[in-house]
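Comments concern the structure below.
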Amino acid sequence: MDIMKVNIERFTYQGAEKSSLHAIHFAIAPGKLVVLTGNSGCGKTTLTRVMNGLIPDQYEGTLDGKVTLLDQNLHDFKTGTLAKVIGNVFQNPSDQFFTRKAEDEVALVGENLGMPQAELRKRVKKAFEYMSIAHLMDKNLNELSGGEKQRVAIASTLVYDTKIIFFDEPSASLDQEGIRDLQGILKLLKASGRTIIIAEHRLYFLEDLYDKLYVMKDGTFIKEFDAGELKSSDCKDLGLRAIDFSALVPHNTTKTGERVFSAKDVHVSVGKKELISNLSFDLHSDEIMGIVGTNGIGKSSLGRVLCGLAGKKQDISWGKTQRERLKNSYYMMQDVDYQLFFDTVENEALANGKKISDAYLAEVSWIIKHIDLWNKRSEHPQNLSGGQKQRLALANAFLSEKQILILDEPTSGLDYMHMDKIAELIFELAKGRPTLIITHDIELLLKVCQTVLLIKQDGYEKLDLQTAEYHKLISYFEQMMK
Amino acid sequence: MSRSFSRRKDQEGYLHPLTLFALTILFTFLVFTRNPWLYGITCAASFLILLSRSARTCIKNLVFYAGIFGVAVLLAHISSGFTTGAFLGLAILILQLFPIMNIGRALVMTSSTKIFTAMRQLHLPISLSVGLVTALRFLDEILLRLKEIKAGMKIRGFHASLLHPVRTFELYFVPLVYKCLHVSETLVSSIIAKGIEYEGEKTSYYDMRFKFADGISLFAGVALLGVALWTS
């Protein structure tokens, strides 16, 4: 017997002219892991919302079709009781927490559905133990790492004997180690007999896990793969993220110029804890250097030191003091929402410290067209999609007259097409200025970087991706997934 | 060992959120009493309540209180011009409001689940309860988010300035408000998916009965108010 049957002729959001889903018919057997993939806007999140009942409870629209769960129409379930059968883990775990304490968050579903206190306490404890995070029970959620938050979010789906768990882009806010942990958790959940449905761009960590993989485009399935069927060539043909790293090769063949900057014996600390010590490297004109490292090694903190947001005095040639480094470098934050301040895309791009002149207006127009936001130039930047905001933030970085650019995870949460677009922009616009990219996106690294600074617990090394050293980078990423 | 200790505190040690709400209201009247003894008792009680929540926060607030007190004493002893008078007035106002701030801090530090359950016990509309608990949850985060916005401003070369209050307001609050809106969409989905709309009986993870400490605290609060009214 199938646990869930989906028959959707058409779904249209309230007020929308075009339908978001059409002609979707499939069934899911119990205990299977199903992946929904495709570029942003293809309809995978909408499909999960129909399947988990958030449509039409939270998102209104017209659904022509039916979804059955355990042979019962999803909408015949008594209000709220779906939580006993379906668990949800949303894209950014921090945003989904209603409480501040980990155990309170996990207990919430039981409280809402009237589970007796003694039973609830027992089940909450068991859920924490199952996720191997019993030590986090009384912790403030704000103090947890991304991976720990995700484990708490998953634990909250285990209080009841949940049959299906939905994951919406679970790898989006995780680094390499977090993704490896997630892979382990998914294996565990699958082994426990739960049905798992994942909407995701990144596919490599799901290679050995999926039973069925559906590729979506324009609101419908365009291709489906059974376990192990998806190959690297399919990913290339369908414009998907890579399923394995071995086929990846470096793309940037531009030779770097002369040495223009250097950093010597850089120290990075958070509070009293020293994360990085004695880090030295040179930067050359036209060089795009990736910065890669294990979880918690201090990559983002390094970015903040290099741009002058932290670190006081350092032996860095573009600025010994914080003030000098802030003057000479630009840091694109991981969450670009904190760097967008104005009412229109146009005003946002214009406010980069230069005097308004015909030449500057022409430059801004050119770059807005180039980042494909010309039709949205009068819209509020905060209303743009994630990929659009990242492109605008990137445009701001390039419009600034700073001598060195530092980009922190510029492609987090982006599908292949948008990652490729960002890579193209970096490649084109970085010319003449050394650019540092802090990322764990190996596809981006191999598309745009000539060099990579690989930081490990026991030291660091700078790899030249234009030589056979790029294999070291691929091995490093493969090693991280083991 | 420490685990079982913290569990016991959760179950037995803390005041009920409704008691804290009631004490906040009672203290609002008490802090404006002209009787220094009553003020002293109110202030000490508020520090004790905060201490029962978090020793660290209590010590921090105590140090802050002592600092403001020192400034007030200093200002009272130097020439009483208009400027020093204004600052003295401000310092005294802060000192007067301190007991309310302490109780408010204790309330903010209370588990969101406990507050939510307490509001359910009062049969308040669910939308109001969710709104209030969400607001309290965001209080913790707002400072972190403002810090990030400040970093974003620095990088782009924008600075907060008292001479340009509207622009400063725009720089800080536009990203903050949008961030909150984005988070609220996921948050609403999350709590709906966790059965918040279930119409049946709800339970609590914590023991939410009124205890002896609640009775004593409320009695003391009302008694102090009575004394304040009597002596005025």
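Selection of first residues in region A:47-62 that are among the basic types (Lys, Arg) and of second residues that are modelled with pLDDT of 90 or more and part of a loop (DSSP other than H, G, I, E, B), restricted to Cβ pairs under 8 Å at least 6 apart or on distinct chains, gives an empty result. Looking across region B:10-19, the residues that are part of a helix (DSSP H, G or I) and closer than 17 Å to residue B:222 by Cβ come down to B:18, B:19.
Tallying residues that are within 22 Å of residue A:442 (Cβ to Cβ) and either touching a residue at least 60 places away in the same chain (Cβ under 8 Å) or of a type in the set (Lys, Arg) (or both) within region A:203-228 yields 8. Those residues that are within 24 Å of residue A:399 (Cβ to Cβ), more than 9 Å from chain A (Cβ to nearest Cβ) and among the β-branched types (Val, Ile, Thr), I need them from region B:158-177; list them, please. Residue satisfying the conditions is B:168 alone. Of all residues in region A:128-153, those that are touching a residue at least 24 places away in the same chain (Cβ under 8 Å) and among the charged types (D, E, K, R) have Cβ atoms under 8 Å from Cβ atoms of residues that are surrounded by fewer than 14 Cβ atoms within 10 Å (Cβ to Cβ) and part of a helix (DSSP H, G or I), 6 or more apart or on another chain, in A:138/B:3; A:138/B:6. Exactly one residue out of A:252, A:295 is more than 26 Å from residue B:157 (Cα to Cα), touching an Asp or Glu at 6+ places or on another chain (Cβ under 7 Å) and surrounded by 15 or more Cβ atoms within 10 Å (Cβ to Cβ): that is A:295. For region A:393-482, the strands (runs of 3 or more DSSP E) that sit wholly inside it and include 3 or more residues that are surrounded by 20 or more Cβ atoms within 10 Å (Cβ to Cβ) and not assigned by TED's automatic domain parsing to the domain that holds residue A:168 are A:404-408, A:435-438, A:451-456.
I'm trying to understand the selection: among the residues of region B:178-232, which are assigned to a loop (DSSP other than H, G, I, E, B) and more than 9 Å from chain A (Cβ to nearest Cβ)? Those that are assigned to a loop (DSSP other than H, G, I, E, B) and more than 9 Å from chain A (Cβ to nearest Cβ): B:208, B:209, B:210, B:211, B:232. Here the condition is being in contact with a Gly (Cβ under 6 Å, 6 or more places away or on another chain), under 20 Å from residue A:461 (Cα atoms), at pLDDT 90 or above and not in a strand (DSSP E or B); of A:305, A:268, it holds for A:305 alone. Would you check which residues across region B:131-157 are facing chain A (nearest Cβ under 8 Å) and not basic (Lys, Arg) and list them? Listed by number, the residues that qualify are B:133, B:134, B:140, B:141, B:144, B:148, B:149, B:151, B:152, B:153, B:155, B:157. Selection of region B:32-43 for residues being surrounded by 19 or more Cβ atoms within 10 Å (Cβ to Cβ) and touching a Leu at 6+ places or on another chain (Cβ under 8 Å) yields B:39, B:42.
Across region A:451-462, the number of residues qualifying as of a type outside the set (D, E, K, R) and more than 9 Å from residue A:290 (Cβ to Cβ) comes to 4. The residues listed here are A:136, A:120, A:113; of these, the one that is over 30 Å from residue A:228 (Cβ atoms), out of contact with any strand residue (DSSP E or B) (no Cβ under 8 Å at 6 or more places or on another chain), modelled with pLDDT of 95 or more and of a type outside the set (Val, Ile, Thr) is A:120.
Determine whether region A:87-107 contains at least one residue that is within 7 Å of another protein chain (Cβ to nearest Cβ), over 30 Å from residue A:438 (Cβ atoms) and β-branched (Val, Ile, Thr). For region A:87-107, residues within 7 Å of another protein chain (Cβ to nearest Cβ), over 30 Å from residue A:438 (Cβ atoms) and β-branched (Val, Ile, Thr): present.
Among the residues here, residue A:175 does not qualify as of a type outside the set (A, V, I, L, M, F, W, C), modelled with pLDDT of 95 or more and either in contact with a Lys or Arg (Cβ under 9 Å, 6 or more places away or on another chain) or surrounded by 20 or more Cβ atoms within 10 Å (Cβ to Cβ) (or both).
The residues on offer are B:232, B:129, B:204, and the sole one that is of a type in the set (Gly, Ala, Ser) and at pLDDT below 85 is B:232. Looking at region B:69-93 only, could you name the residues that are of a type outside the set (Gly, Ala, Ser) and crowded, with 16+ Cβ neighbours inside 10 Å? Listed by number, the residues that qualify are B:71, B:75, B:88.
Contact list please: Cβ distance under 7 Å, first residue in region B:149-176 and outside the structural domain of residue B:138 (by TED's automatic domain parsing), second residue among the hydrophobic types (A, V, I, L, M, F, W, C) and in a helix (DSSP H, G or I), pairs at least six apart or on different chains. Taking only residues 6 or more apart or on different chains, not a single pair turns up. Only one entry of A:81, A:37, A:12, A:62 meets the criterion of being closer than 26 Å to residue A:187 by Cβ and hydroxyl-bearing (Ser, Thr, Tyr), and that entry is A:37.
Surrounded by fewer than 16 Cβ atoms within 10 Å (Cβ to Cβ), over 17 Å from residue B:231 (Cα atoms) and hydroxyl-bearing (Ser, Thr, Tyr), is that true of residue B:46? When the stated conditions are applied, residue B:46 does not pass them.
The residues listed here are B:124, B:132, B:187, B:143; of these, the one that is within 29 Å of residue A:160 (Cα to Cα), out of contact with any helix residue (DSSP H, G or I) (no Cβ under 8 Å at 6 or more places or on another chain) and not basic (Lys, Arg) is B:124. Examine region A:279-290 for a residue that is without any contact (Cβ under 8 Å) to a residue 60 or more places away in the chain, in the same structural domain as residue A:372 (by TED's automatic domain parsing) and either surrounded by fewer than 21 Cβ atoms within 10 Å (Cβ to Cβ) or in a helix (DSSP H, G or I) (or both), and state whether such a residue exists. Yes: one or more hits. Can you confirm whether residue A:311 is in contact (Cβ under 8 Å) with a residue 24 or more places away in the chain and assigned to a loop (DSSP other than H, G, I, E, B)? Against the criterion (in contact (Cβ under 8 Å) with a residue 24 or more places away in the chain and assigned to a loop (DSSP other than H, G, I, E, B)), residue A:311 qualifies. Can you tell me which residue is farthest from the other protein chains (Cβ to nearest Cβ) among those in region A:108-165 that are in a helix (DSSP H, G or I) and aromatic (Phe, Trp, Tyr)? Restricting to residues being in a helix (DSSP H, G or I) and aromatic (Phe, Trp, Tyr), the top hit is A:130. Condition check: without any contact (Cβ under 8 Å) to a residue 40 or more places away in the chain, part of a helix (DSSP H, G or I) and outside the structural domain of residue B:64 (by TED's automatic domain parsing). Does residue B:144 satisfy that? In short, yes. For region A:354-404, filtered to residues that are touching a Lys or Arg at 6+ places or on another chain (Cβ under 6 Å) and within 23 Å of residue A:338 (Cβ to Cβ), the residue that is modelled with the lowest pLDDT is A:371. Selection over region A:324-350 of residues that are within 11 Å of chain B (Cβ to nearest Cβ), over 28 Å from the mean Cα position of the chain (by Cα) and surrounded by fewer than 21 Cβ atoms within 10 Å (Cβ to Cβ) gives a count of 1.
The values are calculated or read from the model by the stated rules, or taken from the named source; none is laboratory data. These numbers were taken from a predicted model, which means no experiment stands behind them. Cβ atoms come from the backbone with ideal geometry, glycine included; neighbour counts cover every protein chain shown.
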